[in-house]
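Step one of this worksheet: look at the structure below.
The values are calculated or read from the model by the stated rules, or taken from the named source; none is laboratory data. On a predicted model such as this, the values are computed, not experimentally measured, just so you know. So basically every Cβ, Gly included, is an ideal-geometry build from the backbone, and we count neighbours across all protein chains shown. These area figures cover heavy atoms from the full protein model, side chains too; ligands, DNA and RNA do not enter into them. Shrake-Rupley method; radii C 1.70, N 1.55, O 1.52, S 1.80 Å.
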Amino acid sequence: MSNPIEIAPDEIIVVDELRKFFGAVEAVKGVNLRVKRGEVVVVIGPSGSGKSTVLRCINHLEVPTSGAVYLDGIHLEDRRTNINQVRTEVGMVFQQFNLFQHLTVLDNVIVAQRLVRKRSNEEARRIAMEQLTRVGIPEKANVLPRQLSGGQQQRVAIARALAMTPKVMLFDEPTSALDPEMIKEVLDVMLELAQDGMTMVVVTHEMGFARAAASRLVFMDQGRIVESGDPEEMYHKPQHQRTRDFFNKILTHG
């Protein structure tokens, strides 16, 4: 599949002139974004700025109105592309945990491995336990999701995504549905993933995490990328007034 744009060998995600309409509303207005392997890109901005829509287009949960998304060199909008196959390389963690409530924690982490990766039950179980250990809750393997706290359920969701051995992890405001005291346990797991070299694109309002984990910060407003760069530089010396206003507001209000 030949690509009409240049993609560097170390670029695993390329978003090119992405536009997305919902009816008459243009939610994303010509976004360009390139993510290198091992990079942690944190996307911030006010509600309704198009952050989650960009993330969902990267995973093709939303189909772009125009523009293109490439994942590991594969053009997602090409009609010859097997989207389901590409999607197996992308782990996605949502605001809501989306766990199967009738299955144990262990079975939640096993099921997609068996169905999609075609792993044996033994191998899937081993990998599931490895990932539950990685997120710090191996002792919860045999309980049902409803017996867990929100933070623990989100960690199961992360373990489930990791068990598929994805090339990229996408996080869509993974702590927004959690009580404040549970947020840190989820962010700690994500920070560890970042330090382990996982390629991540994270939409979040958690500025502490952004400063600790991001290789690059991207600020969006009204469907566009206003500014992107080094987290500390943007935090202390944003180039655009709109970015300054946003930081001033979130720092003043918590």
Q) Among Ile74, Ile44, which is the only one that is among the β-branched types (Val, Ile, Thr), in contact with a Leu (Cβ under 8 Å, 6 or more places away or on another chain) and over 24 Å from Gln152 (Cβ atoms)? A) Ile44
Q. Which ones in the stretch 142-172 are open to solvent by 10 Å² or more (accessible area, probe 1.4 Å) and of a type in the set (S, T, N, Q)?
A. Asn142, Gln147, Ser149, Gln152, Gln153, Thr165
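Give the residue, chosen from Glu123, Glu139, Glu89, that is in contact (Cβ under 8 Å) with a residue 40 or more places away in the chain and of a type in the set (Asp, Glu).
Exactly one residue qualifies, and that residue is Glu89.
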(Q) Could you check the stretch 137-148 and list, in sequence order, the residues that are of a type outside the set (A, V, I, L, M, F, W, C) and over 13 Å from Leu99 (Cβ atoms)? (A) Pro138, Glu139, Asn142
